[in-house]
Each structure stands twice: as C-alpha cells, then as structure tokens.
Amino acid sequence: MNNELIGLNKSRMKELIDKNLMVIATLFFSGAFIAGKFSIAEFPVYSLTFFRFLIAAVVLFLIMWKKGEDLTLEKADIPRILLLSLLGMVGYHVFFFTALKYTSSVNTSLIAATNPIMTTIMASLFLKERFPKKAVGGILISFLGVAMIVTNGSIDVIKNMNFNIGDLYMLLAVLSFSLYFIVLKGIVGRVAPIKLTSYVFLFCVILLIPMVIYENPMSFIPKTTWTGWSSLVYMSIFASVIAYLIQQVSVKRIGPAKTSLYVNLVPLFSMIMAYFILGEVITLPKVFAGFMIITGVIITLRSKK
C-alpha cells in the first residue's frame with residue numbers, strides 16, 4: 001500500500017514538473033525583453049546580436065560535442081539555414097533591439113505575441129495553407145489589440161500619423177520571424193532540432209562579422225558595465241540556450257500543442273517584470289490590448305486543430 005502511495009506521489013510530482021517546465025522557459029523568454037532594454041543602452045544593435053549568439057552557439061556546440069552528436073551538415077541544407085539565420089536571428093533581433101531603443105519592453109512583448117497570427121497569414125500567402133473562418137476572427141481581434149498598442153488608444157495618432165517608431169520596428173521584427181517559420185517548415189524534419197538551432201546561431205554570427213567590424217567593438221567594450229554584460233549573458237544562456245532546451249523537453253513530454261500555449265504567458269510575465277524592474281507604467285489600454293492579442297492567438301491556434 002505504501003509503495004503504491006509512493007508511486008502515485010512520484011507520478012503526480014512528475015506530472016506537476018512536466019506541466020510547469022514551460023513556465024520556467026517562458027519566464028526566461030520574458031526576461032529577454034527586460035535584459036534587452038538594459039543591454040541596448042550599452043551595445044550597438046549588430047554587436048549586441050553578434051555577441052548574444054556567439055555565446056549561445058559556443059554553448060550549444062559544446063553540448064552537442066559532449067553528447068557525441070553528428071556535427072556535419074548536408075551541403076543542400078546550408079542555403080536554407082543561412083536564410084533562417086538572416087530572417088530569424090539577424091533580421092528579427094536587429095529590428096527587436098532597435099525597437100527597444102524607442103519603445104517600452106511591454107509594447108515589444110505584446111506586439112511579439114502576434115507572431116502566430118503573422119505566421120498564419122504568411123503561410124496562407126506563401127505556402128497556400130488554408131485557415132478556417134474562425135481563424136479570421138482571431139486574427140482581427142489580435143490586430144485590434146496591436147492597433148491599440150501602436151496608437152496608444154488614441155485616434156489622433158492615426159489622424160496625425162504620429163506612430164512610435166519603436167512599435168513599427170517591432171512589427172517588422174515579427175514579420176521577419178514569421179518568414180523564418182515559413183522557411184523552417186522546409187527543413188525542420190531533415191535536421192535535428194539542436195543541430196539546426198546551433199548552426200542557425202553560428203551562421204548569424206558569421207553574417208554579422210562585417211557589421212561588427214564597422215561598429216568597432218573597442219569603442220564600446222571598455223565602457224560596458226557589469227549590467228550590460230550580465231544582461232547579454234542572460235539573453236545568451238537563459239533566454240537562448242536553457243529556455244530552448246527546456247522547450248524541447250516539454251515538447252517531448254506534453255506535446256507541441258500544449259507547449260505552444262505557454263508562450264502566450266510571455267506578455268503577462270514581461271509586463272510584470274517591466275513594472276517591477278524597469279518601472280514602466282502599465283495602463284488599462286495596454287492590459288486590454290494584451291488580453292485581445294492573447295485571446296486572438298488562442299482562437300486562431302485552436303481553430304487550426
């Protein structure tokens with residue numbers, strides 16, 4: 001009887017751990033919006049992206065080497081992986097870090113939450129995927145939420161075309177990452193996830209070398225503070241490597257559908273962190289806009305099942 005109770009408790013504990021693994025990963029993902037705000041104050045955009053993925057790539061390749069993974073790539077896959085690096089790492093992060101120079105962490109995280117919506121639209125345009133009528137409603141609700149963020153709930157912003165440039169950069173970041181997912185569909189089954197991610201990071205680093213030389217690292221590295229470096233390391237290790245590995249474990253244990261739903265917590269966690277760490281103001285329109293975006297994303301994702 002005692003053995004049965006112990007076994008039952010272990011089973012429940014494992015189930016509890018499985019369900020909460022992605023909460024940890026989501027916290028790490030959310031923290032990137034806060035760390036990015038600190039680090040962009042001390043690093044130029046291209047160099048920040050370069051160093052983030054240089055550290056992450058080194059760690060991932062060391063993990064693969066330790067596990068005895070095959071590190072070779074098929075020549076036919078290299079052009080597609082280069083394109084993935086250009087869209088998902090260089091493109092997204094250059095726009096993302098630039099956005100953080102002009103707008104709040106809250107705004108960037110809320111706009112980033114529309115990525116599944118934008119990906120659905122891109123898949124319809126480029127892959128000719130058809131989405132149900134319910135998805136249209138979800139898309140409209142999400143974009144109304146984005147409109148509320150970009151206009152700050154004021155019709156005068158539209159009349160005067162007085163948009164925050166940072167919000168527009170973040171929309172470009174989401175567009176870039178959505179195209180990344182479209183390209184990803186053509187290779188994801190052929191290359192192991194950790195190997196694919198490692199090479200995407202590595203190629204990102206290689207692509208950015210000319211821009212980093214132009215930005216002249218010696219002009220800012222000696223002046224970079226502990227806050228700048230720790231924020232960079234956080235994004236490299238916690239938000240890139242550890243969160244990614246947790247996500248892979250979660251997909252295996254609870255499935256991709258349930259795992260993807262946890263990503264909707266990112267805006268919520270980011271808003272809380274931004275309030276307490278950065279002192280950003282959380283207005284009622286932003287809370288309502290976040291609710292609309294997350295609701296729209298959930299409707300769209302469920303309608304595709």
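The values are calculated or read from the model by the stated rules, or taken from the named source; none is laboratory data. Everything quoted here is computed from the prediction, not taken from an experiment. Cβ coordinates were reconstructed from backbone atoms using ideal geometry, including for glycine residues, and neighbour counts include every protein chain displayed.
Structure notes:
- The residues listed here are Val136, Val200; of these, the one that is in contact with a Gly (Cβ under 8 Å, 6 or more places away or on another chain) and either surrounded by 15 or more Cβ atoms within 10 Å (Cβ to Cβ) or not in a loop (DSSP other than H, G, I, E, B) (or both) is Val200.
- Elements of type helices (runs of 4 or more DSSP H) contained in region 15-133, each with 3 or more residues being touching a Gly at 6+ places or on another chain (Cβ under 6 Å) and either surrounded by 18 or more Cβ atoms within 10 Å (Cβ to Cβ) or not hydrophobic (A, V, I, L, M, F, W, C) (or both): 92-102
Yes/no per residue for (1) without any contact (Cβ under 8 Å) to a residue 40 or more places away in the chain; (2) at positive phi; (3) among the polar types (S, T, N, Q):
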position	(1), (2), (3)
Lys223	no, no, no
Val233	no, no, no
Ser236	no, no, yes
Gly279	yes, yes, no
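- Residue check, Gly296 crowded, with 20+ Cβ neighbours inside 10 Å and either over 29 Å from Phe38 (Cα atoms) or of a type in the set (Asp, Glu) (or both): yes
- Residue match in region 205-220 (condition: touching a Lys or Arg at 6+ places or on another chain (Cβ under 9 Å), at pLDDT 95 or above, crowded, with 19+ Cβ neighbours inside 10 Å and not polar (S, T, N, Q)): no
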